[in-house]
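Here is the structure we will look at.
The values are calculated or read from the model by the stated rules, or taken from the named source; none is laboratory data. These numbers were taken from a predicted model, which means no experiment stands behind them. Methodologically, a virtual Cβ is constructed for each residue, glycine included, from the backbone with ideal geometry; neighbour enumeration extends over all protein chains shown.
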Amino acid sequence: MGKKRKIVGILGGLGPMATVDLFRRIVEFTPAKVDQEHLRIIIDCNPQIPDRTKAILYGGPDPTPELIATAKNLVKAGADFIVIPCNTAHYFLDYLKREVDIPIINMIEETARYVRNNYPYAECVGLLATSGTIKSNLYHKAFKKFGISVLAGDEKKTMEAIYGEEGIKAGNLGEKPRRLLKEAAQELIRRGAQVIIAGCTEISLVLGEEDVSLPLVDPLTILAKVAVELALGI
């Protein structure tokens, strides 16, 4: 028998489609030849967690109590560590870590480390993200540790692509949100970005590498790979 595998806990619902996408990627990245070689994954998809961007920018309902309760559910269910497929939720990560006694992977720090290791020439990255993520400087702080500057993308276009009536959170994975995000990415490239960060977990549902003329880094992919490596002990 090999070493004991760790159980992955996904704190989901932020939004539900990103949760499904992370689960799918973890399964795809797991080197399994039969069902029994896959990882045990516990998912709590809780879409009742209040909107993170509204809480940060406009004093909306505090998502922390629901985030903590959902994390504790995962601990009680047997998770060995937690991953959160939501960039803006990382604003509340320190509060969460104080309330649970298992590791919570920081997707944003893992993304900064990935860019430094894989694109060592990059001195400036372009960030496509929600207003909450941008205003909280989560990516700016993480990349600053590696001496990399961050250019924030057009918030209006990005927010419309995600939150608009024809946006991703409304279930539209078609051309309109893709076009808005492509335009925002191209503007970042014109401003000097050397790598583009898909800094909202819904973005990768519509925007692919073929849509951008520079490397497009998807934090959700990085999070999935880190989760697999941690669970397998590799």
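Just checking: which of the strands (runs of 3 or more DSSP E) contained wholly in the range 1-102 hold 1 or more residues that are without any contact (Cβ under 8 Å) to a residue 60 or more places away in the chain and within 27 Å of Gly132 (Cβ to Cβ)?
Because the criterion is at least 1 residues that are without any contact (Cβ under 8 Å) to a residue 60 or more places away in the chain and within 27 Å of Gly132 (Cβ to Cβ), the strands (runs of 3 or more DSSP E) in the range 1-102 that meet it are 41-45.
What are the pairs with Cβ atoms under 6 angstrom where one residue, in the range 202-216, is farther than 16 Å from Leu188 by Cα and the other, located anywhere, is β-branched (Val, Ile, Thr)? Sequence gap at least six, or different chains.
Glu202/Ile162; Glu202/Ile168; Leu205/Ile168
For the range 1-45, enumerate the residues that are in contact with a strand residue (DSSP E or B) (Cβ under 7 Å, 6 or more places away or on another chain) and farther than 23 Å from Leu232 by Cα.
Gly13, Pro16, Cys45 - these are the residues of the range 1-45 that are in contact with a strand residue (DSSP E or B) (Cβ under 7 Å, 6 or more places away or on another chain) and farther than 23 Å from Leu232 by Cα.
Could you go through the range 166-178 and let me know if any residue there is in a loop (DSSP other than H, G, I, E, B), surrounded by fewer than 20 Cβ atoms within 10 Å (Cβ to Cβ) and within 17 Å of the chain's Cα centre (by Cα).
No: the range 166-178 contains no residue that is in a loop (DSSP other than H, G, I, E, B), surrounded by fewer than 20 Cβ atoms within 10 Å (Cβ to Cβ) and within 17 Å of the chain's Cα centre (by Cα).
When you go through Glu202, Glu155 one by one, which is the residue that is surrounded by 15 or more Cβ atoms within 10 Å (Cβ to Cβ) and under 30 Å from Leu39 (Cα atoms)? Give the derivation first.
Values: Glu155 fails: under 30 Å from Leu39 (Cα atoms).
Result: Glu202 is the single residue among Glu202, Glu155 that is surrounded by 15 or more Cβ atoms within 10 Å (Cβ to Cβ) and under 30 Å from Leu39 (Cα atoms).
Given the conditions (1) touching a helix residue (DSSP H, G or I) at 6+ places or on another chain (Cβ under 9 Å); (2) buried (at least 24 other Cβ atoms within 10 Å of the Cβ), which single one is not true for Leu188?
For Leu188, the failing item is (1).
How many of the residues making up the range 163-176 are hydrophobic (A, V, I, L, M, F, W, C) and either more than 12 Å from Ile203 (Cα to Cα) or at pLDDT 95 or above (or both)? Before you say what the answer is, go through the steps one by one.
In the first step, residues of the range 163-176 are kept if they are hydrophobic (A, V, I, L, M, F, W, C); the result is 168, 170, 173.
The next check asks that each one be either more than 12 Å from Ile203 (Cα to Cα) or at pLDDT 95 or above (or both); those that pass are 170.
The total comes to 1.
Name every residue in the range 107-141 that is under 19 Å from Ala161 (Cβ atoms) and among the basic types (Lys, Arg), in order of residue number.
Lys135 - this is the single residue of the range 107-141 that is under 19 Å from Ala161 (Cβ atoms) and among the basic types (Lys, Arg).
Can you tell me which residue within the range 135-144, out of those that are outside any loop (DSSP other than H, G, I, E, B) and touching a residue at least 40 places away in the same chain (Cβ under 8 Å), is nearest to Thr53 (Cα to Cα)?
Restricting attention to the range 135-144, the residues satisfying the condition of being outside any loop (DSSP other than H, G, I, E, B) are 135, 138-144.
Within this subset, residues satisfying the condition of being touching a residue at least 40 places away in the same chain (Cβ under 8 Å) are 135, 138-139.
Details: Lys135: 9, Leu138: 13, Tyr139: 15 Å.
Taking the candidates together, the pick is Lys135.
At positive phi and either outside any loop (DSSP other than H, G, I, E, B) or over 18 Å from the mean Cα position of the chain (by Cα) (or both), is that true of Gly147?
Details: at positive phi: yes; either outside any loop (DSSP other than H, G, I, E, B) or over 18 Å from the mean Cα position of the chain (by Cα) (or both): yes.
Yes; evaluated as a whole, the condition is true for this residue.
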